[in-house]
Amino acid sequence: MACIVKERDGRLAYRLFWEGYRSWEGTGLRATDRRRAQMEAKAAVMSQDMAEGRFDYLHWFPKGSKVHLFRPAPTLKAAPKTLTGYVEGIWLPRQVPPNVRASLEETYRKHWRKHVKPAFGPLPFSAITTAALVDFKTTLTAPEPKGKGLKMKTARDIIDATFRALYRDARKVDHFVADDPFTDLTWPRKEVPLPDPFTAEERDRLLDYFWRKKRHYYPLVYTCFYTGVRTGEAVGLRWGAVDLRHGKLIIRLSRTLGEDNPPKTANSNRTVPLRPEVVAVLREARPLQAGEDAFVFTTEARNALDEERFVENHWRPALRATNVRPRKFYATRHTFISLTLTAGVVKLKKLADYCGTSIEMIEKHYGKWMDDDRPEELAALGGAAPASPKPAVVVAV
């Protein structure tokens with residue numbers, strides 16, 4: 001019986017073995033010597049508790065992976081006869097704004113309608129077993145015509161996000177089921193694709209096109225390329241959050257599918273200082289009578305911008321017209337970060353704060369664009385060397 005500290009994908013976790021139980025308790029903490037030492041001290045206490053027969057799992061891991069084994073099971077209610085009865089009669093009507101984002105509601109409904117309902121809709125909850133989920137995963141990812149030919153990432157989004165979310169609510173909120181068949185379902189390690197930014201030449205070619213052909217959208221494209229704001233942050237930006245006198249804009253919300261929401265993370269709430277060129281572009285674009293609640297970037301009819309329509313009607317045609325390899329509009333952010341890193345002037349913490357992200361995320365996704373070790377940096381390693389180092393002494397044997 002023991003508790004040990006393990007590392008997986010650069011993150012620390014506890015691995016527990018006691019009284020026939022095994023569990024993996026992730027922390028999400030990045031592996032550092034200090035954090036490892038702190039966790040190993042706690043692991044030693046837990047190991048001692050296990051040896052003395054007084055280990056309290058719920059005390060150490062109140063939200064752990066084995067909680068359901070140690071908490072008294074709630075009294076189960078009579079469940080609807082079929083999964084369709086639960087999802088369409090109870091669960092989906094709850095998954096609407098402001099309970100969830102409009103984009104998440106749309107994802108839930110699409111996954112349910114296209115994939116989960118055809119496979120499990122007519123069945124009772126008891127038919128949802130780990131084995132059934134493995135078969136479902138196989139069906140989703142197997143090549144056509146035997147399967148649907150979906151990518152593993154898409155299958156995981158359907159099963160481990162949407163399907164698991166509805167089953168979790170059936171268990172934790174409605175108390176229709178007690179077990180969790182998703183716990184033992186395994187997935188291949190996620191392969192996160194690297195960002196695919198534009199080159200500086202491609203960026204300039206696109207900006208030139210919008211200046212000449214689609215002048216109304218030039219401020220949007222220019223601002224995204226030279227501030228790295230996320231698409232939703234740009235679409236939701238109001239003039240009240242833009243301070244042209246002091247050259248700043250304030251990010252406090254993100255807009256998707258016509259709905260305003262908080263930004264992606266707590267770090268995303270930020271004040272962004274603007275280059276003089278961006279200030280000039282925005283000042284030129286600002287209408288004379290723009291109110292504080294007016295959108296900065298709009299359609300040509302001055303309506304709220306719809307990202308999908310902008311991409312379909314303006315962004316993709318611009319890529320074709322300039323013979324630039326297709327990439328998402330979000331690649332403007334990738335371009336800003338990668339080119340900033342390549343310049344090697346801005347400190348990593350400053351860039352992370354500016355973009356509303358973390359140093360860890362930049363290192364993880366943009367490492368290939370980070371500055372290589374320069375001679376002056378190598379010379380500083382270990383402190384200053386003697387001006388005239390002594391030659392190595394060779395001892396004859």
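One compactness figure for segment 167-309 is 1.40, namely its Cα radius of gyration divided by 2.2 N^0.38 Å. Within the chain, antiparallel bridges make up roughly 100 percent of the DSSP beta bridges whose residues both belong there. Taking each residue as 0.36 nm, the span from Ala102 to Arg283 lengthens on full extension beyond its C-alpha to C-alpha distance by 61.9 nm. Charging the Cβ of each Asp and Glu at -1 and of each Lys and Arg at +1, and nothing else, the dipole of segment 237-284 about its Cα centre rounds to 140 debye. In this simple spin-label model, placing a label point 7 Å from the Cα along the Cα-to-Cβ direction at both Asp260 and Asp56 gives a separation of 4.6 nm. Less than 19 Å from a label point 7 Å out along the Cα-to-Cβ axis of Met370: which backbone N atoms in segment 185-213 qualify, by residue? The answer is 192-197, whose backbone nitrogens lie closer than 19 Å to the label point. Could you point to the residue in Thr299, Ala41, Thr75 farthest towards the positive end of the chain's charge dipole, with +1 and -1 charges on the Cβ of Lys/Arg and Asp/Glu respectively? The residue sitting farthest along the positive end of the dipole is Thr299. Counting only protein heavy atoms and a probe of 1.4 Å, the accessible surface of the chain is 53% carbon and sulfur.
For the pair Ser358 and His246, the difference between a 0.36 nm per residue extended length and the Cα-Cα distance amounts to 37.8 nm. With the cut-off at 1.5 for a/c, could you classify segment 269-358 from its C-alpha gyration tensor as rounded, prolate or oblate? Oblate, since a/c reaches 1.5 and b/c is not below a/b. For Thr27 and Glu292, a Förster radius of 35 Å and the Cβ-Cβ distance give a FRET efficiency of 0.25, rounded to the nearest 0.05.
For segment 79-138, the solvent-accessible area works out to 51 Å² per residue, with a probe of 1.4 Å and every protein chain left in place.
Per DSSP H run of n ≥ 4, the term is -39500 (n - 2.57); total these for the chain, divide by its residue number, and report the mean residue ellipticity at 222 nm rounded to 500 deg cm²/dmol. Theoretical 222 nm ellipticity from helices: -10500 deg cm²/dmol. Screening the chain for whole DSSP H helices of 24 Å or more along their axis (Cα) with average Kyte-Doolittle hydropathy at least 0.0 returns none.
Of the GluC sites (Glu not before Pro) in segment 294-335, the ones in a loop by DSSP (not H, G, I, E or B) with at most 11 other beta carbons within 10 Å are Glu300. Can you compute the FRET efficiency between Ala127 and Arg71 using 1/(1 + (r/R0)^6), with r the Cβ-Cβ distance and R0 = 30 Å? Round to the nearest 0.05. For R0 = 30 Å, the calculated efficiency reads 0.75. What is the Cα centroid distance between segment 125-177 and segment 255-290, reported in whole angstrom? If you average the Cα positions of each part, the centres end up 39 Å apart. Of the trypsin sites (Lys or Arg not before Pro) found in segment 186-236, those that fall in a DSSP loop while having at most 14 other beta-carbon atoms within 10 Å are Arg189, Lys190. Put simply, the convex hull of the Cα atoms in the chain casts, on average, a shadow of 32.4 nm². Taking label positions 7 Å along the Cα-Cβ direction at both Thr186 and Thr271, the computed distance is 5.2 nm, reported to one decimal.
The values are calculated or read from the model by the stated rules, or taken from the named source; none is laboratory data. No experiment lies behind these values; they were computed from the predicted model shown. Methodologically, a virtual Cβ is constructed for each residue, glycine included, from the backbone with ideal geometry; neighbour enumeration extends over all protein chains shown. All accessible areas refer to the heavy atoms of the entire protein, side chains included, with ligands and DNA or RNA removed. Shrake-Rupley method; radii C 1.70, N 1.55, O 1.52, S 1.80 Å.
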